[in-house]
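Written below as structure tokens is the structure these notes are about.
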Amino acid sequence: MAAGLFRLTRAEAGGAIAATGLSALILGTLATVAWAAQGLAGLGPWDWRAVWFTLWQAALSATLSAGLAVPVARALARRRFPGRSALVTLLGAPFILPVIVAIMGLVAVFGRNGAINDVLRFAGLPEISIYGWQGVILAHVFFNLPLSVRLVLQGWQAIPAERFRLAASLGFAPRNVARHLERPMLRAVLPGVWLAVFLVCLTSFTVALALGGGPRATTVELAIYQAFRFDFDLGRAASLGLVQIAICVAAMALARWVAIPAAFGAGLDADHIPAAPGGWHRISDMFVITAAAGFLIWPMAAVTLRGLPQIAVLPPEVWQAAGRSVVMALISALLALTLSLTLALSLARGRMRWIETAGMLPLIASPLVLGTGLFILLRGWFSPQALALPVTVAINAVMALPFGLRALIPAARTLHQDYGRLADSLDLRGWARLRYLTLPRLARPLGFAGGLAAALAMGDLGVITLFASDRPTLPLQLYQLMSSYRMDDASACAVLLMAISFGLFWIFDQGGRLA
Amino acid sequence: MLEFDGIRVTRGSFTLSADLSVPTGARVAVIGPSGSGKSTLLSLVGGFLAPDRGRIRVDGEDITALPPGQRPVSMLFQDQNLFPHLTVAQNVGLGLRPDLRLSDPQRARVTQVLEEVGLEGLEARRPANLSGGQQGRVALARVLLRARPVLLLDEPFAALGPALKAEMLALLARIADGTGATVLMVTHDPEDARSFAPQTILVEGGVAHPPVPTGPLLDNPPPGLRAYLG
């Protein structure tokens, strides 16, 4: 109950303005899409196949990721070995790994000339193809299995040590432990994990663009891109956008019933170790951990080994694209940070709940839908070439908002509770308050959120593809190299992109820790 | 003179009314059962809570609509009176200018008040590197520096041991005498009230009563206060 009972404080006014602007941008864009769509009558059987594929691939990806995460998380929870904490940290890496880089890695291992097919050919078995629905699913599991493992592992470590001690003193066999301790935990955790993966896969674009396509592996996002790019049928693109919005809204409604756990956060190194049965359990755990680590590391190692020697001879346009991407990522991150800090600070005062809703709006608007809408809105004034980079920067900033808010809102609330009254009583306002209170106290979550935003923007290959650009970003450059089968250059480009993405995250995060 | 003129606050089932005045320079304890509204009374003066009705005046000036930082008031909270990421000198300097753009004479003032509370040479330290007593002294140095006409104490030093708390209260009394400030101090401890505050406001049953002499009130408490004191 601050002085603001008399009037809106400056922080609240800032938040209200930011939230209104954000809502106007997103809802305005969505309204444009809806208006341009002129109903769903223009959609043919091809488009409805895309809807169906989007739904079942997301469901299958989520089921595989969540299901496979259980044995891996159990093994990690009850075994201690050298490199364990490094592996757990590595499990967080796919979150900021550029999708197109991971695809390069998967192609290097599972592609026609990859190691797996070499072995199959040697054994006289039929080859497998990474292109098609199976490739899309494989890539989705590659990204979401590690995150699912982290979430399930959190669940395991949330079981109090006393329970495991009690189980041991009662002489529980592993199956008793599973029944009385582990299964209840999994029942609580897995629906949230499944839904988190499902939601991510619903708006999958880059994976479908690179590995899917065709009648049997086209997602709605990809269909929007094709309608826009190949047919230049804006009405159909907008109709598909409307369908994508409906899917996202329905999924969000579903999410209201299930608590989705945060995909990041501390506390994966609990000091107690759940009962660890010996015998064949030990061997199977070892196998599971090795397989999961291999699945995660092998593709990255394959790309790195191939690309590293080539970096020195990369053509200059790749370096230009890298510079362009870094600048765009930094602007995106700065925008995302400013917006999420403004929203979080006014939310911390705790009276305008609608601001939080505005901050979560990006979850119902997929990048391609926003891109289509912005293009329709602005095409009268600007050429696609002129729009490409600014629109990409803006959409990436908006897409990073939910993550930024998730990191900043709790921290801003704590700050307000602990020091809000002291700062008010000392008349600490405006710039001085930002400099001497807010920025120093929130440096850590700001660094973390900024790192996420910068890395996600750096690696994003989404809306930029809508606008054929003569000034490509680094991910687009990589995609173009891949498409023209310049695989050595593409690998080197992938190493560069991966290094810059992780580097940006590291610099921001470290900056926040040291401040 | 600090005046509560027809003040009334309602929050859900909680109500507090206050119609009283405290003479300039008085030291007054605020005492009463938990949840009776002692802190609410201070929040009203500090500007963290707006009354539904009534005015609050300091020396005749109506401060009811002023934001907290612009009131002629300094406040010490139960804890978190210092910003842990700022140095001792910065924490004190905030009392002069919130943007910390201090002139040389102002800087000298900061050094001087730190000396007065016995913290010479500790300007560059962070609160975490100080003892609990030293942290209390930093907060008091800022109060001394701001020299506002009204000083509000919401159970400060409650976390300190008895000897240290007595020492802080003695320092506080000296500072209040020096600046001539009117002091309101919420406390749970009748001994603090006796030693520090000649007058006491009893908050009970939704009403803040006008100040009365502390000794007689505590010697012969009304039933509600008696139950609370045990």
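The numbers here are math on the coordinates, done by the rules we state, and not lab data. Quick caveat, the model's predicted, so the values are computed rather than measured. For neighbour counting, all protein chains shown are included, and Cβ atoms are generated from backbone atoms with ideal geometry for every residue, glycine included.
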Karplus-derived HN-Hα couplings along region B:138-144 (A = 6.51, B = -1.76, C = 1.60, θ = phi - 60°), whole Hz, x at Gly and Pro:
4, 4, 5, 4, 5, 4, 4
Number of partner chain Cβ atoms within 10 Å, mean per residue of B:84-93:
2
Roughly how many nanometres apart are two label points built 7 Å out from the Cα toward the Cβ at A:Ala24 and A:Ala41?
3.4 nm
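For region B:98-191, what's the relative contact order in percent, using C-alpha pairs closer than 8 Å and at least 6 residues apart? Don't jump to the answer; show the numbers that get you there.
Working: 68 pairs, mean separation 26.8, N = 94.
Normalised by residue count, the contact order of region B:98-191 is 29 percent.
For Cα pairs less than 8 Å apart in space and 6+ apart in sequence, what is the mean separation divided by the residue count of chain B, i.e. the relative contact order in percent? Present the calculation step by step, with values, prior to reporting the outcome.
Working: 410 pairs, mean separation 69.7, N = 230.
So the answer I get is 30 percent.
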Determine by what factor the alpha-carbon radius of gyration of region B:1-73 differs from 2.2 N^0.38 Å, reporting the quotient.
1.05
Rounded to whole Hz and in sequence order, give me ³J(HN,Hα) for region A:81-97 from the Karplus expression 6.51 cos²θ - 1.76 cosθ + 1.60, θ = phi - 60°, writing x for Gly and Pro.
8, x, x, 4, 5, 5, 5, 5, 4, 4, 4, x, 5, x, 4, 10, 6
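Just need the relative contact order of chain A here, percent rounded to a whole number, with Cα pairs under 8 Å and 6+ apart.
On the way: 721 pairs, mean separation 127.8, N = 515.
Value for chain A: 25 percent.
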From zero outward in steps of 5 Å, how is the percent of C-alpha pairs of chain B spread across the bins?
1, 7, 15, 18, 19, 16, 12, 8, 4, 1, 0, 0
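Determine the shape class of region A:322-372: with a ≥ b ≥ c the square roots of the Cα gyration tensor eigenvalues, call it rounded for a/c under 1.5, and otherwise prolate if a/b is greater than b/c, oblate otherwise.
Details: a/c = 5.35, a/b = 1.53, b/c = 3.49.
Since a/c reaches 1.5 but b/c is at least a/b, the shape of region A:322-372 is classed as oblate.
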What helices does chain A have that are whole DSSP H segments, at least 18 Å long along their own axis by Cα, and with mean Kyte-Doolittle hydropathy of -1.0 or more?
A:10-37, A:45-78, A:133-158, A:183-202, A:234-255, A:280-307, A:316-348, A:384-425, A:443-459, A:487-514
When Cβ neighbours within 10 Å are restricted to other protein chains, what is their mean count per residue of peptide B:65-77?
4
Per residue, how big is the convex hull around the C-alpha atoms of chain A? Give it to me in cubic angstrom, could you?
176 Å³
Within the protein assembly as shown, helix-based [θ] at 222 nm, where runs of 4 or more DSSP H residues each add -39,500 (n - 2.57), nearest 500:
-20000 deg cm²/dmol
How far is it, in nm, from the label point at A:Val327 to the one at A:Met360 when both lie 7 Å from their Cα along the line to the Cβ?
3.8 nm
